[in-house]
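The values are calculated or read from the model by the stated rules, or taken from the named source; none is laboratory data. What you see is a predicted model; the values in this text were computed from it and never measured. With ideal geometry, Cβ positions are generated from the backbone for all residues, glycine too; neighbour counts draw on all protein chains shown. Quick note on the areas: whole protein, heavy atoms, side chains included, nothing else; ligands and nucleic acids left out. Shrake-Rupley method; radii C 1.70, N 1.55, O 1.52, S 1.80 Å.
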Amino acid sequence: DYVVVKMIPDNRLPPRHLHAVHTGKTFAVIKWESPYDSPDQDMLYAVAVKDLVRKTDKIYKVKSQNSTVEYTIKKLEPGGKYHVIVQLGNMSKESSMKINTVPLSAPDALKIITENDHILLFWKSLALKESNFNESRGYEIHMFDSLMNITAYLGNTTENFFKVSNLKIGHNYSFSVQARCLYGGQMCGEPATLLYDELGTGTDSSATKPGRGTDVAAIVVPVLFLLLVMLGIGFVVLYMRHRRLQNSFTAFANSHYSSRLGSAIFSSGDDLGDEDDEAPMITGFSDDVPMVIA
C-alpha cells in the first residue's frame, strides 16, 4: 500500500544555494535553485545589486521555470565590491552573498633608470591591455623603505613615468605602480612592484636598469680576456727567449771548456785581433842565452 502526498508550494521560501559561478572585471555569473523542486509555472525573481563602494542599488528581474537558474550581472566595475540579494518577486525571504570583481591588471615592464640625483620609474600604458582603463584615471606610486619599515605614497600621474628624488644611501626600496584608486582608495588596480637597492651595498635584485649591467659586462669581459691573452703571449715569448739564451750560453761555455783546468776560459776582448796574434806568446828568457841588442 502506498499513498501520494503533494506538498503545497510555499512562495515565501527563499531561493536555495545562491553562489557565484564566475567573476570577471565587469561581470559576475551567479546561480541559485528555486525555493522548491519542480516549479509548475514561471517564477519571477528579483535580483538586487548593491554597490558597496558607490552606495548605489540596481534591481533586475529574472523569470524562469527551471529548478536551477543562472544569471549574469553586467556593467560592474573592476575591483568593485557588491552585495547581491535574490528573492521571489512577491518579496519573500531572501538569499544574499557578496561579490568582489577582479581588479585591473598591474602595469607591465616596470623599470628604473638612474640619473645623477634621482631615479625615473617607467612602465607600459595599462590601456594597451585593459579596455576598461582610461589614461585620464592615471596611476599612483607607492614606496616601501625596508630599513625604516615605512610605506609612503609618492603621488599620482597620468604619464607613463615618475621621478623619485631624495633617496637615502644604504636604504633598500620597493616601488609599486598601480591604476589610481577610486572612491577613497576602495577601487584599486593590481600593483606592479620593483625592488631597488642600488644606492646601498647590495645590487638591484629585480634588474631595474636593463642594459646598464649588461653594457658594463660587455666591455669588461672582453678587456679582461684580451689582457689574459696578452699576458699569456708575453710569458711564452719570455720563456722562449730564456731557453734560447740558456742554450746559447751552454754551447758557448762548452766550446771554451778546458778539461785540464776543469773550467771554461774566456778571453777579455783585448786579446782579440789579427791572425798574427795567434802566435805563441814568449813567456821568458833563459840565463844562458845572450841577448843581442842591435
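A few comments on the model shown:
- Taking 0.36 nm per residue of separation and subtracting the Cα-Cα distance, full extension of the segment from THR26 to ASN90 would add 20.1 nm.
- Backbone N atoms of the range 73-104 closer than 13 Å to the 7 Å Cα→Cβ label point of VAL62 belong to residues 73-74, 84-89, 95-97.
- Heavy-atom accessible area per residue - the range 119-205, 1.4 Å, Å²: 54 Å²
- Amide hydrogen proximity for ASN11: with H placed 1.01 Å from N in the peptide plane, no residue at 5 or more positions away or on another chain lies under 5 Å.
- Residues in the range 16-100 average 57 Å² of solvent-accessible surface per residue, probe 1.4 Å, ligands and nucleic acids excluded.
- Carbon + sulfur, % of accessible area of the range 16-100 - ligands and nucleic acids excluded, 1.4 Å: 46 percent
- Per-residue packing, averaged as other Cβ atoms within 10 Å, sorts the ranges 42-53, 114-125 into the order 42-53, 114-125, beginning with the highest.
- Around SER176: net Lys/Arg minus Asp/Glu count, Cβ-Cβ under 10 Å: -2
- Bridging of LYS98 to lysines at a Cα separation below 25 Å is possible for LYS25, LYS31, LYS50, LYS55, LYS58, LYS61, LYS63, LYS74, LYS75, LYS81, once same-chain residues fewer than 8 apart are set aside.
- The number of Lys pairs in the range 108-197 with C-alpha atoms less than 19 Å apart, excluding pairs fewer than 8 positions apart on the same chain, is 4.
- Relative packing of peptides 54-67, 232-245, 87-100 - highest average C-beta neighbours within 10 Å first: 87-100, 54-67, 232-245
- Label sites at VAL236 and ASN132, each approximated as a point 7 angstrom past Cα along Cα to Cβ, lie 6.8 nm apart.
- Environment charge of GLN65, counting only residues whose C-beta is closer than 15 Å and scoring Lys/Arg +1, Asp/Glu -1: -3
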